[in-house]
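Scroll down for the structure; my scribbles are underneath it.
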Amino acid sequence: MKAASTFLVLLTLLCTNVFGQACFGVEIETNSLIILPACNDSSGSILFSNTSGGTPPYTFIFNGSSNPFGAFNNLTIGIYELIITDFIGCRDTFNINIMYKDIKETIKPNNAFTPNGDDFNDTWYIPGIESFEGTKVLVFNRWGQKVLNNSQYGNDFGWDGTQNGLKLPSGTYFYMIEIIDNCVEERITGTVTIIR
């Protein structure tokens, strides 16, 4: 499974270039698109784009390789060094993490909802779950009976607190979220309360 993410790299260049000109206050901004490697192999890649600031064109040095296009392939998980040099030689170094997301830090299920039809907090949402593909969400009542089995959960609609179209009573329910992350199945468990 590959996941793509974007982030902004802001570099403040405080050095002197090869021509002896001061680079103080020069700022270079660049966007990066990261394709994470599948299962810790070397299929990852990164592309730096929309670079601005300084004096173009730019040279990108990433993990010891250099090119003017800002595209680097055959990457594994790790922390990499990025150096961007502009046309007049101003440059700076920045560390970039190419890592899988920590599911417990990314997925933060809401712990209660009120499906009473007032269009406020009527469904159970799981913020962060959209960062992963192929998630499965299971919800059980206090007797261990499964009341929700969603193998392709998405936050488009959330869960409305029903089972087969019938409203479930107020109370505390137990959830299990199963995720394939970096080719390893991981689980998050907890409780969610329905308040009617």
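Quick note: the coordinates plus some simple rules give every number you see, no bench work behind them. Worth saying up front: this structure is predicted, and the values here are computed from it rather than measured. Every residue, glycine among them, receives a Cβ derived from its backbone with ideal geometry; neighbour counts consider all protein chains shown.
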Original post:
Taking R0 as 22 Å, what's the FRET efficiency between N111 and C183 from their Cβ-Cβ distance, rounded to 0.05?
Top reply: 0.15
Original post:
Taking the Cα centre of each part, how many Å lie between the stretch 32-111 and the stretch 162-186?
Top reply: 35
Original post:
Which residues make up the longest stretch of the chain that has no chymotrypsin sites (Phe, Trp or Tyr not before Pro) in a DSSP loop with at most 13 other Cβ atoms within 10 Å?
Top reply: 25-68
Original post:
Candidates [x] 18.9, 62; [y] 21.6, 72; [z] 23.3, 75; which is the computed Rg and Dmax of the Cα atoms in Å?
Top reply: [z]
